[in-house]
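This report concerns only the one structure given below.
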Amino acid sequence: MINRYEETLYDAYTQVFSVEDVYYESKSEHQHIIIFHNSKFGRVMALDGIIQTTERDEFIYHEMLTHVPIIGHGAVDRVLIIGGGDGGMLREACRHSSISRITMVEIDRAVVDLCREYLPTHSRGAFDDPRLNLVISDGAEFVATTDERFDVIIVDSTDPIGPGEALFTEKFYSDCKRCLYEGGVIVTQNGVAFFQIEEAKNTADAFRNLFRDWHFYTAAVPTYVGGVMAFGWGTDNTELRHQPLATLEQRYQSAGLTTRYYNPSIHQGSFALPQYLANAIGKPG
Ligand code: SAM
């Protein structure tokens, strides 16, 4: 059994985890999957050599990619999650009783099955929620062909490597826009800006042509090394991003959420960007 796991996302820089136990390691139809135990982060999953999620810090990422668009929108009924096979995003979306239907399009059934078994605290039963419509398919194909419409689309994909590559194209974003109800919003996992600034730039170039209001917001997730992760935001409703703090607080209270990272002040503050990211996407700081 291995006793150390080295992430291979970057050539000249890496993070290494001690490995106390390996629950699963194999190749699925789409990618290499390993789930192991690390004494600091608990159970950790990596896909194709890239850290995807850990028991200890997943809440930051999943709370920020669900509650910011859902509370910012204020009247979400239908959500689309692209990717998200570990179930953490689904868990957080399911906490909003106002939502009647959540469609999740994950390309790799093995990720869902393995995370239900070896990362149960991620989904915490959410895969059994009657509101879930789980589709095992390529998310890019789904948004190109579906007749369904959504108030919020969350792109919870791997990096633009392998199967995830299709989820960072202008065609994909244009198809996502087609699937949004009027006033709906798309949010995207767009990499750690300090190391992956091209991801944010490319998404900005696409969103600039597609949406009346586009921006990014950020949060630092310890195992997404290099500082803040950028989350893309695109909508034709120019008010959504500028909700008063009192409105966010009222919605947060009425949703009855207890969170460990998200709160209305973090929501508002997360749209303030570090200057290097603002410069890269051609926006004032
Ligand atoms: N939090 C992680 C991050 O920020 O990189 C993402 C975690 S989630 C496990 C990523 C999921 O995207 C994986 O389960 C992967 O199988 C899925 N995925 C990758 N490409 C996809 C595609 N084209 N369509 C649907 N799901 C895809």
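The values are calculated or read from the model by the stated rules, or taken from the named source; none is laboratory data. Small disclaimer: the values here were computed from a predicted structure and weren't measured. Note: ideal-geometry Cβ built from the backbone for every residue, glycine included; neighbour counts use all protein chains shown. Areas reflect the complete protein model, heavy atoms only, side chains present, ligands, DNA and RNA absent. Shrake-Rupley method; radii C 1.70, N 1.55, O 1.52, S 1.80 Å.
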Self-check item: q = 0.12, 0.14, 0.15 Å⁻¹, segment 213-285: log10 I(q)/I(0) [Debye, one scatterer per Cα]
Solution: -0.38, -0.52, -0.59
Quiz item: Per residue of the chain, what 222 nm ellipticity follows from adding -39500 (n - 2.57) for every DSSP H run with n ≥ 4, rounded to the nearest 500?
Solution: -9500 deg cm²/dmol
Quiz item: Counting only protein heavy atoms and using a 1.4 Å probe, what share of the accessible area of the chain belongs to carbon plus sulfur, as a whole percent?
Solution: 48 percent
Quiz item: Roughly what % of DSSP beta bridges within the chain run antiparallel, to the nearest 5?
Solution: 60 percent
Self-check item: Principal-axis tilt of helix 193-210 within the chain, Cα atoms, nearest 10 degrees
Solution: 40 degrees
Self-check item: Lys, Arg +1 and Asp, Glu -1 on Cβ, resulting dipole of the chain about Cα centre, debye, nearest 20
Solution: 800 debye
Quiz item: To one decimal place, what orientation-averaged projected area in nm² is obtained for the convex hull of the Cα set of segment 119-186?
Solution: 5.5 nm²
Quiz item: Asn237 label point, 7 Å along Cα→Cβ, cut-off 11 Å on backbone N: hits in segment 66-93?
Solution: 69-78
Quiz prompt | Among Leu167, Leu47, Leu65: highest mean-square fluctuation, GNM of the chain, C-alpha pairs under 10 Å | solution = Leu47
Self-check item: Charged-residue dipole, Cβ positions (Lys, Arg, Asp, Glu), segment 24-112 about Cα centre, Debye nearest 20
Solution: 200 debye
Quiz prompt | Over segment 79-199 - Rg/Rh using Cα atoms and the Kirkwood inverse-distance radius | solution = 0.95
Quiz item: So what is Rg over Rh here for the chain, counting just Cα atoms and using Kirkwood for Rh?
Solution: 0.94
Exercise. On a 0 to 90° scale, report how tilted helix 245-255 is relative to the longest principal axis of the chain, with both axes built from alpha carbons and the result rounded to the nearest 10.
Key: 60 degrees
Quiz prompt | Accessible solvent surface per residue of segment 51-102, calculated while the other protein chains remain in place, 1.4 angstrom probe, Å² | solution = 21 Å²
Exercise. Could you state the angle between the C-alpha long axis of helix 58-73 and the longest principal axis of the C-alpha atoms of the chain, as a value from 0 to 90 degrees rounded to the nearest 10?
Key: 20 degrees
Practice problem: Pick out, from His73, Phe150, Val112, the residue whose Cα sits farthest towards the positive end of the charge dipole of segment 29-182, with +1 on the Cβ of Lys and Arg and -1 on the Cβ of Asp and Glu. | Solution: His73
Self-check item: Lysine pair number, Cα distance threshold 22 Å (strictly under), the chain, separation 8 or more or different chains
Solution: 4
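Could you order Asp57, Asp236 so the one with the most accessible surface comes first? Probe is 1.4 Å. Each step should come with its number before you reach the end.
On the way: Asp57 5, Asp236 50 Å².
In descending accessible area the options line up as Asp236, Asp57.
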Quiz item: Of Val44, Val143, Val22, which is the most mobile in a GNM of the chain whose springs link Cα atoms less than 10 angstrom apart?
Solution: Val22
Practice problem: Provide the net charge surrounding Gly191, with neighbours chosen by a C-beta distance below 9 Å and charges set as Lys +1, Arg +1, Asp -1, Glu -1. | Solution: -3
Quiz item: Taking the Cα-to-Cβ direction at Arg260 and at Arg109 and moving 7 Å from each Cα, how far apart do the two end points lie in nm?
Solution: 3.2 nm
Self-check item: Net charge of neighbours whose Cβ lies under 15 Å from the Cβ of Ala75, counting Lys and Arg as +1 and Asp and Glu as -1
Solution: 0
Quiz prompt | Per residue accessible area of segment 181-285, 1.4 Å probe, in Å² | solution = 43 Å²
Quiz prompt | Once exposed loop GluC sites (Glu not before Pro) are cut out (DSSP; at most 12 other Cβ, 10 Å), longest piece of the chain | solution = 30-238
Quiz item: Excluding ligands and nucleic acids, what accessible area in Å² is computed for Ser97 using a 1.4 Å probe, to the nearest 10?
Solution: 110 Å²
Quiz item: So for segment 1-113, taking the charge dipole from beta-carbon charges (+1 Lys/Arg, -1 Asp/Glu), which of Gln52, Leu90, Gln15 sits furthest toward the positive end?
Solution: Leu90
Practice problem: Go through Ser28, Ser100 and list them by solvent-accessible area, largest first, probe radius 1.4 Å. | Solution: Ser100, Ser28
Quiz item: Which three extents, in whole angstrom, do the alpha-carbon atoms of segment 3-78 cover along their principal axes, largest first?
Solution: 47, 30, 28
Quiz item: Which value in Å does the Kirkwood hydrodynamic radius of segment 134-285 take, with 1/r averaged over all unlike C-alpha pairs and then inverted?
Solution: 16.2 Å
